[in-house]
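Any read-out appearing in this document is the output of simple, stated calculations on the displayed coordinates, not a laboratory observation. In this text, all values refer to a predicted model and were calculated from it rather than measured experimentally. FYI the Cβ positions are ideal-geometry reconstructions off the backbone, even for glycines, and counts take in every protein chain you see.
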């Protein structure tokens, strides 16, 4: 077995995941004035408080991910381009050889960058709506950005969950124990294994 | 576009600035009925007091000194308050169910208990009407929904001594104003038709009203595009995952050995 994710990374990922999903649920509650969603929290005002403070948890957690994924996500090579061209091998039924990947693959890199940019947008606009009052233009702009980023999240997050569970059996284990069997790791992350001298 | 349920029974306030004497009885009556305390204000060199709408001032008389060639001392008085839009920007953008609601008479009323204090209604209003009180809850004219539901008229129109403020069936008010010689009624068709309508003798701008009031473009885009997209996006992502799982299926490591 190889340790792919540290305990800190796993814990932070779950904090991010739970806060993100809670924010999406309350977000839909706001967006469509969904009374049943509000009812889960007891009162309108309580749901707003939950949404805002969960936003703080999400913010801290997202900044935490910077230490785990940013550097690797920005490190793109020709392999990543070729990976994109063949859709990461996800578009064909049979087995296809994808270009050799590092610790995280191209799709995960792109997903992380999208979540990071969208996350910063939704965080900044969220705090502006919450805390900056009396500037109409800023509120309207923030409202627009917050909702644009929301659309990104409701598309990207379910895709991420699918790819991490049903689409890739065994992958979820990385977010639980953090460990991968050596043989699997060699096939999936050849560049990373080479880097740490286990190839 | 409209969020008003009942057009037949719609009530309105007709404002006729020509006959307003600027007595501000409407301001006082409003405070009296709604139990709104007085506020300390300052003299800004005009009789307009308070200077604008406040959490404790649901309506004000706007005093505009606009001299014309025919009348070098022309002084325009106009009642400013919530317009009770048919297509109300505040209702459109409000995220809290029941916080801003439409009464069967067509008034845009509010429930402080349900307001979450986000202030989005302030940004969504084309007329800069909603204010927030010290508890950070919405505060504005509600057309005395409690009085009109009982067949009374709003406190302000009840007290108006000259008929500058008149309350009644919206259609009838428009008809009488037109018969009185006002060819264009401000608010007759704007934003689906306003619940505060104005018989202006001159261009609305002189009275401090936008020629063509609109809900902010971004709010309309959000309502018409982003809201549906948030549903289609989630539905599409989930459906896409299911189709992928059914058609292509999960990634299999064993296949690596075969090739």
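Odds and ends about this structure:
- For region A:107-155, a Kirkwood hydrodynamic radius built from all Cα pairs, placed in the Stokes-Einstein relation at 10 °C and 1.306 mPa s, yields a translational diffusion coefficient of 143 µm²/s.
- Global dimensions of the protein assembly as shown from alpha-carbon coordinates: Rg and Dmax equal 29.6, 97 Å.
- Look at the stretch A:135-147: the mean tally of other chain Cβ atoms within 10 Å of its residues' Cβ atoms is 5.
- In this rough spin-label picture, where each label sits 7 Å from Cα along the Cβ direction, the residue A:67-residue B:113 distance is 4.7 nm.
- Angle between chain A longest axis and helix A:7-31 axis [Cα atoms, degrees, rounded to 10]: 40 degrees
- 10 Å Cβ neighbours from other chains, averaged over peptide B:226-237: 6
- Over region B:1-111: Kirkwood hydrodynamic radius from C-alpha pairwise inverse distances, Å: 16.3 Å
- Here the Debye sum runs over all C-alpha atoms of region B:169-259 as equal scatterers in vacuum, and log10 of I(q)/I(0) at q = 0.14, 0.18, 0.22, 0.25 Å⁻¹ comes out as -0.72, -0.89, -1.07, -1.18.
- With the Kirkwood sum run over all distinct C-alpha pairs, chain B has a hydrodynamic radius of 20.6 Å.
- Cα shape, region A:7-73, gyration tensor, a/c 1.5 rule: prolate
- For region B:217-258, alpha-carbon Rg over 2.2 N^0.38 Å: 1.96
- Pairwise Cα inverse-distance average, inverted: Kirkwood Rh of region B:133-184 (Å): 13.1 Å
- Average projection, convex hull of the Cα set of chain A: 13.0 square nanometres.
- With contacts taken as Cα pairs under 8 Å at a separation of at least 6 residues, region B:11-207 carries a relative contact order of 30 percent.
- Inter-chain Cβ neighbour average for residues A:59-66, partner chain, 10 Å: 0
- Ranked by how many other beta carbons lie within 10 Å on average, peptides A:129-140, B:121-132 from highest: B:121-132, A:129-140
- Most to least packed among A:6-19, A:42-55 [average Cβ atoms within 10 Å]: A:42-55, A:6-19
- Taking N as its residue count, the alpha carbon Rg of region B:57-184 over 2.2 N^0.38 Å: 1.21
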